[in-house]
1. Taking the stated definitions as given, is VAL346 modelled with pLDDT of 95 or more, at negative phi and part of a helix (DSSP H, G or I)?
2. Given the options ARG88, ARG167, ARG140, ARG135, name the one that is closer than 24 Å to MET323 by Cα, more than 23 Å from the chain's Cα centre (by Cα) and open to solvent by 30 Å² or more (accessible area, probe 1.4 Å).
3. Residues in the range 400-411: is at least one in contact with a Leu (Cβ under 9 Å, 6 or more places away or on another chain) and closer than 28 Å to GLY325 by Cβ?
4. Only residues in the range 302-316 that are under 18 Å from ALA131 (Cβ atoms) count as the first member; pair them with residues that are in a loop (DSSP other than H, G, I, E, B) and not basic (Lys, Arg), Cβ under 8 angstrom, at least 6 apart or cross-chain, and list the lot.
5. Would you check which residues across the range 367-397 are under 13 Å from ALA332 (Cβ atoms), of a type outside the set (Phe, Trp, Tyr) and part of a loop (DSSP other than H, G, I, E, B) and list them?
6. I need the full set of residues from the range 186-214 which are modelled with pLDDT of 75 or more and open to solvent by 20 Å² or more (accessible area, probe 1.4 Å), in order please.
7. Just give me the residues in the range 473-504 being at pLDDT 90 or above and of a type in the set (Ser, Thr, Tyr), in sequence order.
8. Among the residues of the range 488-504 satisfying the criterion of being among the charged types (D, E, K, R) and more than 15 Å from ARG62 (Cα to Cα), which is least open to solvent (accessible area, probe 1.4 Å)?
Amino acid sequence: MDLESCSYVLPLLTCCLFLLYSITCHAVAAAAGGGGSCAGYQAAPRSYPVVGCLLDFYRNRRRLLAWYTGLLAASPSQTIVVDRLGARRTVVTANPANVEHVLRANFGNYPKGKAFTDVLGDLLGGGIFNADGERWFAQRKLVSHEFSARVMREAVGVALEREARARLLPALDAAAEGGGGVVVVDVQELLRQFAFNVICRVALGGGGGEVALALPLSRLSAAFDAAAAISARRGAAPVAAAWRVKRALGVGSERRLREEVKVIRDAIMEFVRDSSSRLRREHLLAAARTRGNGRGRDDLVSRMAAAGYPDEAICDMVVSFIMAGRDTTSSALTWFFWLMTRHRDVEREVLDEVDTCMGDGGGLAGVDLEGSRRAQVLHAALCETMRLYPPVAWDSKHAAEDDVLPDGTRVGRGDRVTYFPYGMGRMEAIWGADAGEFRPGRWLAAAGGGVSPFKYPVFQGGPRTCLGKDMAFVQMKFVASAVLRRFELRPVAPEGSPEFVPLLTAHMAGGLKVTVRRRQRQNGTCET
């Protein structure tokens, strides 16, 4: 077949698909006694011979969050099956019993799977967030040391304070100085750069000083942004073969992904080679110092080099570590600050609490772990923010063998099973009639017994529970208290809700544009 003939294939196929769709619609409508329309209320995706629910999926591809949420809310079991031409069968669930089954009870049957690791493989390599089995277990055991109380207090605390003093607070202070209503700043962008710089310092060992990379952190951050966005579009592609063909040919977005991944890996590999070579030469001396005073270097690169990992594996782990920490806290904080501008009563409660709980240093006297633990109103407000706007909107595993979920849904070998934190946060069956409302009090009421991670899987649950959960809350509370106690943020576009964009990590479309005014300090109370 020549090129001219090929040009007719796609239009012809499209016509055939829509003809099939039209015939099926009329048949379904006639059988139901309807007037020939497929529109209306539904409890599952419309599925047709051969193409499955591809047409419905394609029509809703720009509003998948709302589409899935509506279907799940209408489903008696809060579970749907998405079976479409060009993609593997997918079970999407917002049922806590199913989530617990996948993440804990039958954990061994639900690895991330090759389909998932292929999507992120070019960016993450074999790092912990793209690994399964023994490799994942070994990496998790090693990286768990990065989340000790001492590391959070020292390495993380130093990085947080340094970045806040150097960039975040001066930027907001300059905006307030500029007129408190004239200068507009994008808080989301400030928070993203802040979080990226902090996680680079923690991972690469630059908590107390500059990270010695061969290119500016801003360029590395831009490369991560582009690579993450393109990788996310791979996962959301209606037909996976499309991005695979582009990758094979080295064209379009796949060419851009290759270029940005090279920027990331070249910079980190150069740092890793320089660091690991030096650290391995000093290994015996470092071990002696550790035995003598119980102290050693705590950054991720140093720990993996000392454990004998090759440079490529260290690079993979550092990339995964940065990806996990760069946008999750900044995403949650962006929505938190926006919600505070809509709920000034909650903001006042938070301010009353943190003024006492977080110490006289205004959030910049080092990380106060005990004060952070006692700030329960702030904790509740952050949890409620992530219930409605989770940093990761959905996550998927792939069944190693046939299975049946607790609600009776059949899962075949190789099927994708997706649990859906965004939709779960909006299920009245889980949270009650006020599921769509921002109400932090629901967390304070549940503080005694806690909330099941399978009802609220923002940090996953079971063996793969997020190791960085406590670190994330320490960072978020630090930033929230430091900013709120100094500044009042007023959104430039006060009406309507911003768009929630679910890439690898969710963000607010267009950013959070605000004007800034200095806030007067106020005294409050803190319940222990």
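The values are calculated or read from the model by the stated rules, or taken from the named source; none is laboratory data. Just so you know, these numbers come straight off a predicted model, no measurement behind them. Neighbour counts run over all protein chains shown; Cβ positions are idealised from the backbone, glycine included. Surface accessibility is based on the protein's heavy atoms, side chains included, excluding ligands, DNA and RNA. Shrake-Rupley method; radii C 1.70, N 1.55, O 1.52, S 1.80 Å.
1. So VAL346 fits the description; yes.
2. Checking each option against the conditions leaves just ARG167.
3. No, the range 400-411 contains no residue that is in contact with a Leu (Cβ under 9 Å, 6 or more places away or on another chain) and closer than 28 Å to GLY325 by Cβ.
4. Going by the 8 Å Cβ cut-off, the qualifying pairs are GLU312/GLY125; ALA313/GLY126; CYS315/GLY125; ASP316/GLY125; ASP316/GLY126; ASP316/GLY127.
5. If the condition is that a residue be under 13 Å from ALA332 (Cβ atoms), of a type outside the set (Phe, Trp, Tyr) and part of a loop (DSSP other than H, G, I, E, B), then PRO390, PRO391, VAL392, ALA393 are the ones that fit.
6. Of all residues in the range 186-214, those modelled with pLDDT of 75 or more come to 186-204.
Result: ASP186, GLU189, LEU190, ARG192, GLN193.
7. SER481
8. Looking at residues that are among the charged types (D, E, K, R) and more than 15 Å from ARG62 (Cα to Cα), I get GLU488.
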